[in-house]
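Take a look at the structure set out below.
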Amino acid sequence: MANVEDLHRWGKTPNTDPKAVPIEWARVENVLAVTVIKASLRLAKIKSQTFELADVKNPIRLINGELCLYVKCSWYGKRAVSTDTQRLIITNNYTLVRGYTGQVVKNIGRLQEEKSK
C-alpha cells in the first residue's frame, strides 16, 4: 500500500479518461451508499455500481445543472487533497442505501494490460 503522501501526488495521472473502469472494490459495513445505474467520473462511464457516499457537507449537489454525488473513491489510486473524494455525475437513476453492507467501488482507472494498449 502506498503511503498517504503518495496518494495525493498526481504526477502523470490523467485528469480524465473515458476508458477508465472500476478496478478495485472493498467491503464496507453499515455505511450510507449510493447505487447508480449510469454515472460518470472524470469522463469514465460507470454502470450499475455501488459507492460509499463521502462524509462531507452536502454530498449530493446540483453543479452546473448536473446532479453530483461525492463518493469515497480513488482515481488511478490517487485522491483529491482537499476532500479525499471524487465527484460522481449521475446520468440516470440512483438509489441511496442507508446501513449498506457489501462491496463498493474503491478505485477507478485502467488495468495494467489496458494501459499498455
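The values are calculated or read from the model by the stated rules, or taken from the named source; none is laboratory data. Just so we're clear, the structure is a prediction, and the values are computed from it rather than from any experiment. Counting neighbours? That spans all protein chains shown, and the Cβs are built from the backbone with ideal geometry, glycine included.
Within the range 25-36, identify whether any single residue is loosely packed, with under 14 Cβ neighbours inside 10 Å and either at pLDDT below 95 or within 14 Å of the chain's Cα centre (by Cα) (or both), and answer yes or no. Steps first, please.
Initial filter on the range 25-36 (loosely packed, with under 14 Cβ neighbours inside 10 Å): 26-27, 29-30.
Still in the running and either at pLDDT below 95 or within 14 Å of the chain's Cα centre (by Cα) (or both): 26.
Checked against the condition, which is being loosely packed, with under 14 Cβ neighbours inside 10 Å and either at pLDDT below 95 or within 14 Å of the chain's Cα centre (by Cα) (or both), the range 25-36 yields at least one hit.
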Next on the checklist: Could you check the range 77-104 and list, in sequence order, the residues that are of a type in the set (Ser, Thr, Tyr) and either modelled with pLDDT of 90 or more or surrounded by 16 or more Cβ atoms within 10 Å (Cβ to Cβ) (or both)?
Outcome noted: THR85, THR91, TYR94, THR95, TYR100, THR101
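Can you tell me how many residues in the range 35-77 are acidic (Asp, Glu), touching a strand residue (DSSP E or B) at 6+ places or on another chain (Cβ under 6 Å) and under 20 Å from ARG98 (Cα atoms)? Can you show your working first?
Taking the range 35-77 and keeping what is acidic (Asp, Glu), we get 52, 55, 66.
Next, from what is left, pick out any that are touching a strand residue (DSSP E or B) at 6+ places or on another chain (Cβ under 6 Å): 52, 66.
This time we only want the ones that are under 20 Å from ARG98 (Cα atoms), so: 52.
Qualifying residue count for the region: 1.
Mind checking which strands (runs of 3 or more DSSP E) fall wholly inside the range 32-111 and carry at least 2 residues that are free of Cβ contacts under 8 Å to residues at least 40 places away in the same chain and not β-branched (Val, Ile, Thr)? Give the derivation first.
Numbers: elements: 44-52, 60-63, 66-71, 86-90, 94-109.
Once the strands (runs of 3 or more DSSP E) in the range 32-111 are filtered for at least 2 residues that are free of Cβ contacts under 8 Å to residues at least 40 places away in the same chain and not β-branched (Val, Ile, Thr), what remains is 44-52, 60-63, 66-71.
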